[in-house]
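Engineer: Got a structure for you, written out below as structure tokens; questions coming shortly.
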């Protein structure tokens, strides 16, 4: 918090990207924050991983940070051509409701390529489906935040 609230700091969001495990970095991030945005791939094993991650969130909430909660779930690697992606998306939405963003991130070669060039997909190929979806997801998150603080 001290680093984020330094001189002239005017931040609406601070995102800390962590692996979905209960390693030291992830635990420290959960202790230091109040909200979690969980990206979940629209694949079968991601549902199992989500269950494990939520169990870890409960452990951290119970013992280290009672304010911690999942505020947002973002569906990623969504491929509308597969029935599995639709099933996973429906399952997540039915269980988590409004916590799940309306916007989902499509499976995209450009999204996969961008990190190899040290860039975000929005910088690498701003007009790509993946970049446009991430911009829309960011807009949706910002609108949710302004609705909460208004």
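The values are calculated or read from the model by the stated rules, or taken from the named source; none is laboratory data. The shown structure was predicted, so the numbers you read here are calculated from the model rather than taken from an experiment. Glycine gets a Cβ as well: all are built from the backbone with ideal geometry, and neighbour counts include every protein chain shown.
Engineer: Here are some residues: 58, 140. Which one is in contact (Cβ under 8 Å) with a residue 12 or more places away in the chain and surrounded by fewer than 16 Cβ atoms within 10 Å (Cβ to Cβ)?
Structural biologist: Unique residue meeting the criteria: 140.
Engineer: May I ask you to list the residues in region 61-85 that are within 22 Å of residue 24 (Cβ to Cβ) and surrounded by 14 or more Cβ atoms within 10 Å (Cβ to Cβ)?
Structural biologist: 61, 65, 68, 70, listed by residue number.
Engineer: Just checking, does region 111-119 include any residue being surrounded by 15 or more Cβ atoms within 10 Å (Cβ to Cβ) and in contact (Cβ under 8 Å) with a residue 40 or more places away in the chain?
Structural biologist: Scanning region 111-119 turns up no residue that is surrounded by 15 or more Cβ atoms within 10 Å (Cβ to Cβ) and in contact (Cβ under 8 Å) with a residue 40 or more places away in the chain.
Engineer: If you take the residues in region 1-18 that are exposed (fewer than 10 other Cβ atoms within 10 Å of the Cβ) and under 22 Å from residue 49 (Cα atoms), which one is modelled with the lowest pLDDT?
Structural biologist: The selected residue is 15.
Engineer: Let me ask another. Looking at (1) closer than 22 Å to residue 11 by Cα; (2) within 17 Å of the chain's Cα centre (by Cα), can you tell me which one residue 67 breaks?
Structural biologist: It fails just one condition, (2).
Engineer: Please determine whether any residue of region 32-49 is in contact with a helix residue (DSSP H, G or I) (Cβ under 6 Å, 6 or more places away or on another chain) and part of a helix (DSSP H, G or I).
Structural biologist: The answer is no, given that none of the residues of region 32-49 is in contact with a helix residue (DSSP H, G or I) (Cβ under 6 Å, 6 or more places away or on another chain) and part of a helix (DSSP H, G or I).
Engineer: Okay, next question. When residue 88 is evaluated against the numbered criteria (1) surrounded by 11 or more Cβ atoms within 10 Å (Cβ to Cβ); (2) over 15 Å from the mean Cα position of the chain (by Cα); (3) free of Cβ contacts under 8 Å to residues at least 40 places away in the same chain, which criterion, by number, is the only one it fails?
Structural biologist: Of the numbered conditions (1) surrounded by 11 or more Cβ atoms within 10 Å (Cβ to Cβ); (2) over 15 Å from the mean Cα position of the chain (by Cα); (3) free of Cβ contacts under 8 Å to residues at least 40 places away in the same chain, the odd one out for residue 88 is (3).
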